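**Student:** This is the structure, below, for whatever I ask next.
Bear in mind these aren't lab numbers, they're just calculated from the coordinates by the rules spelled out. All of these numbers come straight from a predicted model, not from anything done at the bench. FYI the Cβ positions are ideal-geometry reconstructions off the backbone, even for glycines, and counts take in every protein chain you see.
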Amino acid sequence: MKRLLENTRRHDITFNADGRIEISAHVTRELDLHPGDVIDVAVDEVGREVYLYVKHRQPAGRHKAQCHRTGRGRTCNSLRAHSVEICRKVLDMRGFSTSQARLPVGEAVAVDGVNRALPIIIRYQSSQSS
């Protein structure tokens, strides 16, 4: 029997090669994100844990990775940000070339001076030796 759905877990954040970052309503609620907030991605010293967090809350001026609403009206809770640097680094962590990474996030944690961060679950491409 062949399964049609290998993985039933839905993605929470999408990184695109062109720099577009799509943030689901779930992540928006967990991090209390609002339009104008600036996000960032941090990697631990070992390089295996990746975290999404809010770098600045609605700062004055224009910034990279600043969040904007994806839809019209006040009911749209998903956001979009743009950062080519962040997207390229996350896509490189996947271990193979791809134009898009749709990834789930874990439970919120506190890490290195950041009150609330979400671990991004990245399935690394394993190197197989013959």
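**Student:** Among Asp40, Asp112, rank each residue by its count of other Cβ atoms within 10 Å, from fewest to most, as a rough exposure measure.
**Tutor:** Working: Asp40 17, Asp112 10.
So the ranking, lowest neighbour count to highest, is Asp112, Asp40.
**Student:** So what is the 222 nm mean residue ellipticity for the chain from helices alone, if each DSSP H run of at least 4 adds -39500 (n - 2.57) and you divide by all residues, rounding to the nearest 500 deg cm²/dmol? Walk me through the numbers before you get to the answer.
**Tutor:** Numbers: 2 runs with 17 residues, N = 130.
The helix-only estimate for the chain comes to -3500 deg cm²/dmol at 222 nm.
**Student:** Just to be sure I follow the definition: excluding the sites themselves, where is the longest run in the chain that has none of the chymotrypsin sites (Phe, Trp or Tyr not before Pro) in a DSSP loop with at most 11 other Cβ atoms within 10 Å? Don't skip to the answer; put the middle values down first.
**Tutor:** Details: sites that count: Phe96, Tyr124.
Counting only loop sites that pass the neighbour cut-off, the longest clear stretch is 1-95.
**Student:** Here's another thing I want to ask about it. Can you tell which of Ala25, Gln66, Val54 lies farthest toward the positive end of the dipole of the chain, using +1 and -1 charges on the Cβ of basic and acidic side chains (Lys, Arg; Asp, Glu)?
**Tutor:** Ala25
**Student:** Given charges of +1 on the Cβ of Lys and Arg and -1 on the Cβ of Asp and Glu, with all other atoms neutral, how large is the dipole of the chain about its Cα centre, in debye to the nearest 20?
**Tutor:** Values: 21 positive and 15 negative charges, 126 e Å.
The calculation lands at about 600 debye.
**Student:** Next question. Determine, at each q value in 0.13, 0.22 (inverse angstroms), the log₁₀ of I(q)/I(0) that the Debye formula gives when each Cα of the chain is one equal point scatterer.
**Tutor:** Results for the chain at q = 0.13, 0.22 Å⁻¹ read -0.56, -1.45.
**Student:** With a cut-off of at most 10 other beta carbons within 10 Å, and DSSP calling the residue loop, which trypsin sites (Lys or Arg not before Pro) in the stretch 6-40 qualify? Please list them. Spell out each step's value before the answer.
**Tutor:** Details: sites: Arg9, Arg10, Arg20, Arg29; in loops: Arg9, Arg10.
Within the stretch 6-40, the qualifying trypsin sites (Lys or Arg not before Pro) (loop, at most 10 other Cβ atoms within 10 Å) are Arg9, Arg10.
**Student:** Can you compute the modelled spin-label distance between Gln58 and Val46, with each label point 7 Å from Cα toward Cβ, in nm?
**Tutor:** 3.9
**Student:** Over the chain, what is the relative contact order in percent, taking alpha-carbon pairs closer than 8 angstrom and at least six residues apart? Spell out each step's value before the answer.
**Tutor:** Working: 245 pairs, mean separation 38.6, N = 130.
Contact order relative to length: 30 percent.
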